[in-house]
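Input: a single structure, listed below in structure tokens.
Read the figures in this text as sums done on the coordinates, not as results from a lab. From a predicted model like this one, the values you see are computed outputs, not experimental measurements. So basically every Cβ, Gly included, is an ideal-geometry build from the backbone, and we count neighbours across all protein chains shown.
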Amino acid sequence: MAEVKPLIPATRRDVERALGEDPYMGKLRKTVQQLFGAESNPKFAEHAEHAFRGAFALVFFAIPIIMPNEVWSFRDKVMELGVYSSGVCMFIVFNLGVSFGQAFNSCKSGLQGTLVSSMMGWIMYTLYPGGYEATSPEYVFYGGVAAGIIYVSLVMSLRCGISLQMFALSNFASTWMDFLNEKHEATIMPPWTPGWSIQQDTLTQNFVCTGLGMVAVMVASLFPYPRWSLMFVTESQLNANLQVVQVLDTIVKYYSNDKPNVYIKDQVIRRLTKMRGMLTENDSLLAAAWWECYGLGRSQVKRRVLASMDKTTKTISDMIWNAWQESISEDVGEMDAKLMRAVRPSIEEVLKSMQVTLNLLVKAASDGELDDAEVKALENSFKDLQDKDEEMTKSFASARKDITKGEAMAIYKDVRVAQVLLFSISRVVSQTVELADKIKQQMSKSNLLPPAPEMGGWSALFENLLEKDHVIYVARGLLAYLLAFQLGWHGWGGIVPRRAAAVAGTAPFLITMYVGSAMVSDLNRIQGLMIGQVMARVVRGLVDSCYLDDLIGLCLITFVWVFIGVFVREHSTTFSSVGAMAAAFGGTTLLATNCSNPIVDKEATFDTLAMNCVAVLLTTLVNLVIPADSASKQAYQALDDCWGVIRSALQELYDPNVKKVTFRADQARDLLTKAQSMGHEADFEPRLWKMPWQSNLFDRVVEETHHMVATLSAIETSMAEGGADGAEKCEPVRLLTQRSTLFNKGGNTINKKLDVVRRLLGIFAHETTQKFPVLSEPDVFHTFRDEELLAEQDFIKNELPQLFGKDASLAKSVCHDQMAHMSMVLANVSRMKLLLRKVQHVILQSDHGIEDLIVLARHQEMPKANVPKRTPGSSAGPPSEYWESDEGPPTPAYQKPRRPRRVSQAGLGVTSTPAALDHGSESAGQSSSCSPILKDGSELLTAATEPMPQVSEREATEVESAMARGEESAPAVAGNEKGRTQAPQMGYWVQVDAIRGLPRTGNGGYQACYEGAHTLIFDEGRGQDSLQVLAMELLGLVESRVETPLIYVYIFGRVDSQRNPSKDRPCDVRGSLGLSHVKGLLLSLKQPVYGVALGEIGSAGTSLLEVCDFAISERHIKGTPTRVLQPGEIDIVMTIIAAEAEAMNAAEVAATKASLVQNKLLLRRPELYNQAVAFWPSGTKYTFDI
């Protein structure tokens, strides 16, 4: 690499030049950006510079308009010809683009629209030179009507582009009206007519004026320095390259620590989000860059290079994002950290070399060519990158063997996170080397790179003309335009005068496919019109003389006015149209009158505003009369289509008979972008009798679907040879999908799960208050856990020894290592399943789904049937035991009286007569004692034969801290005479009064004034993510004014009882929203809180369950007195509790909460019990520190 070193500094200078650091242009740009505060807020500086350019160009080109008459004869002649007017100013504001290419494309469309309308006018006046006159035959009139209708229909029907349509129709309105008006003297003369002069042809004047406006926009885009589209793409690409390296380095740093730092995790997420946001506008800029080079020369080569880099960077971004999400969803153990620490030096060398290679590629893009020395440097650079990738592979293979001792299970489970990350890094290196090779060959005229994005050509005019949405758009446009023209022809009272074309001239700017967003935009336009035409006239009155100071003042006022308007248009999404209209019409109004004749026509101002309002009203009515598919329906349809593409792609990927990989992630991403856009439109549409659009829920589902698309992209890249679209499927992966139960038979549950969740997406098309029918389908609550567990067990037994742990030849890179490759494939499967579950939870926890989510058993469905009766001494059985008789499912508490229960406690077991209530109680040798009755009818537990050991505050704090750290085994509690290790009694877990029914009201009966119970979920498998979601939901519940009679907290643990609990990794619940915070929120709730443990919960779930007022579990929790029920019984018990609570008033809810807390305190802190009894009835929030 010795010969490369002299080139590296030069390359960095070239990169800096691409960023705007070259001696002339770069310094100027940097100075301009600093003037607008780029160091403090780059976005503000960019928008302010853009507004400054527009305002300066407008004022500069407005000088001839501001100049008094008889000062410059040439100016007077030009103004007299009518080719220069304040309309130039409006054109500048509407067509000022971010880059030169975008501005040119916008101006080109406006100029084309003006030319098309002018050509139609010239043709009509060629056939009938004077138009329709009083002496003309009738066929001239009807011929003019027919010609106009045909013209409007063609312009609306062809896909000409919105800007061209608007100018072509708006300009034609006055031409058509004047042609048919017998009293109007013709002011149009076609250029080919003998004796033609520009003074006699208003169409030529208008066209020239538009052309001058285009020149003004181009000047604004070029000075003080040109804003080329490729300059912005180059800059964003270089920054994205830097972010790729930084993100990977930060991820490696995060997982190399003994204890991952959550703040580094935040940094990773921030950088990933920033990297993904850098590439959103590149496609439009690359397409607009065609107008900067016309597809020729070095700039065209540069476009293709940047387009390829952009596509590769997006793929890399998806891979890194997916690898990160997969890694944080897995349990990260010590072996993962050891492996990452061992390989970290090699990774850092790879990342340094990759950054040099990426910078060399930017050099290739900066000038569109490479000389021989630079080509050699590029070859040596990616050769060095390959060498360091091979060194990383050797280091990885050696470290993995030493750390895992070659054990298959350890490689499969204990270093999965490290393998996924290293595979992704290696695949990123592979993508970079492949891109570098293609760019080098492109510079050698091999033409290997794909074409850059292009604007639509002539063929685009005729694409999908019969598409439903386009047909509706055309029908709306035709009807609105023709009605507006008809209204202007006949007039309307004293508002719209006869033969007025202004309404029809405004209508093309208001035509849209969607009613809701159009109404909001139209209202904003009216505000902008009012500001621009009324307030601007008031300000104009301050400087109406021809004195120099007034002229300078008018220039300054115009500059400030346009600057503020354009800045608001660029900087604000809410008031964008207000700023645009205020700047355009305000600037035109300020320059409409000359100081030589400063007459203000107030009547004309009112007429303009009135006709614009009439146009808004007319187009809104047309939109309502011709209904299109609502934005909400199109949002749902696009989202459903996106899921359909994902399903088809997964079906092909996991089908062993399909041997080639076809990338479909981009197609799914396009549909998702459409769905997101339509979802935003749906926020503004009038819903009338329909239920409000669930925008928050839709946004959450779209966000998770974005993650699914990124995962799909990673799956496609990992399964294709070389990560290329259309390549053969990797043979080891194909064979795995053929023989493993994880991908066939019952174990391939991804598409089954996707089909179930996809049906839930129909909730966005459900527009009534009635129950969403899909929620009644049993499959919606099917978790596929059993099938997945059996498939994984079969995989571990039959496939694992063949894939993991066996000695294999050293691969040339980690992405070619079979075990790392398999880990990536299997991790992608798990990731996709997790995302599907998250979407399912999001929908089921929504307002439409929560009422049907009373119990979501994580491992299987249990029938709601009668459960067999239970005899004393048997295992936990039916709920009939928990009421006073064994007559089957109980009746509600308010329909029959309850008798007191006897309970006693000894050691770890809590029993209740007539039978033991938990699995460990039969051998405990407990005795019983009778409990007294409280005033509210609830039951207290008195001292048992063996008193419960007391826990000091210090010991309780130590126990809670240990649990918050994720330690599975809590410290022993002092005071246990037998020396057993006993779990801390941090809460009263078996509340007899709650199980035998909630308190009754007495003579008053029940008052139904509450909705159903509120459900919260904590999934230990998701760790910190689930805890944060729970915390946010609790915060919303605490701060909201919506009251519910009780809260269910479902805590999901592990379902694999065959796993060794001692090897289970603790749930990662570190962070600012930790256990203590969530527990404090639970304790602050005024409603009764019922905890339900499903599965084998760990320390984190146990700690949360302790603060609940009452808890039930489906299985025995070691060392903890727990009410044990079967899942079907939990369903019945929770349903009855919810039904009874729904019939309670506020006082009864408070009484129930008091009873539960009092009884919990009695066992935990007897010394506080008397205080609690006296304290609670006052209504003060419960604040005891337990």
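Data table
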read-out: Distance in nm between pseudo-label sites at D786 and E463 (7 Å out along the Cβ direction from Cα); value: 5.1
read-out: Burial order of peptide ranges 224-231, 755-762 (average beta-carbon count within 10 Å, highest first); value: 224-231, 755-762
read-out: Above-threshold pairs, the threshold being 23 Å between Cα atoms, out of K259/K812; K253/K440; K253/K413; K43/K274; value: K259/K812; K253/K440
read-out: Charge-dipole axis of region 631-852 as Lys and Arg at +1 and Asp and Glu at -1 on Cβ define it, positive-most pick from T769, Q694, N798; value: N798
read-out: 28 Å Cα-Cα threshold exceeded, pairs from K314/K659; K383/K729; K394/K753; value: K394/K753
read-out: Contour excess over end-to-end distance, with Cα ends at K259 and N41 and 0.36 nm allotted per residue; value: 75.0 nm
read-out: Most to least packed among 141-153, 717-729 [average Cβ atoms within 10 Å]; value: 717-729, 141-153
read-out: Across K311/K363; K674/K833; K265/K660; K690/K1086, pairs whose alpha-carbon gap is larger than 28 Å; value: K265/K660; K690/K1086
read-out: Which of H816, M708, C642, positive extreme of dipole for region 631-852 (C-beta unit charges); value: H816
read-out: Total charge dipole magnitude, region 643-713, about the Cα centre, Cβ charges on Lys, Arg, Asp, Glu only, Debye to nearest 20; value: 240
read-out: Chain lengthening between K633 and W689 when straightened (0.36 nm per residue, less Cα-Cα); value: 18.6 nm
read-out: Cα shape, region 631-852, gyration tensor, a/c 1.5 rule; value: prolate
read-out: GluC sites (Glu not before Pro) within region 388-496: DSSP coil, no more than 13 neighbouring Cβ in 10 Å; value: E407, E454, E463, E467
read-out: Unit charges on C-beta of K, R, D, E only; dipole of region 130-233, Debye; value: 580
read-out: Cα-projected label distance for V375 with R739, points at 7 Å along beta-carbon direction, nm; value: 4.7
read-out: Spatial separation of Cα centroids for region 579-626 and region 634-690, in angstrom; value: 42
read-out: Estimated dipole of region 631-852 in Debye, rounded to 20 [Cβ of Lys and Arg +1, of Asp and Glu -1, Cα centre]; value: 280
read-out: By average C-beta atoms within 10 angstrom, highest first, the peptides 377-386, 817-826, 130-139; value: 817-826, 377-386, 130-139
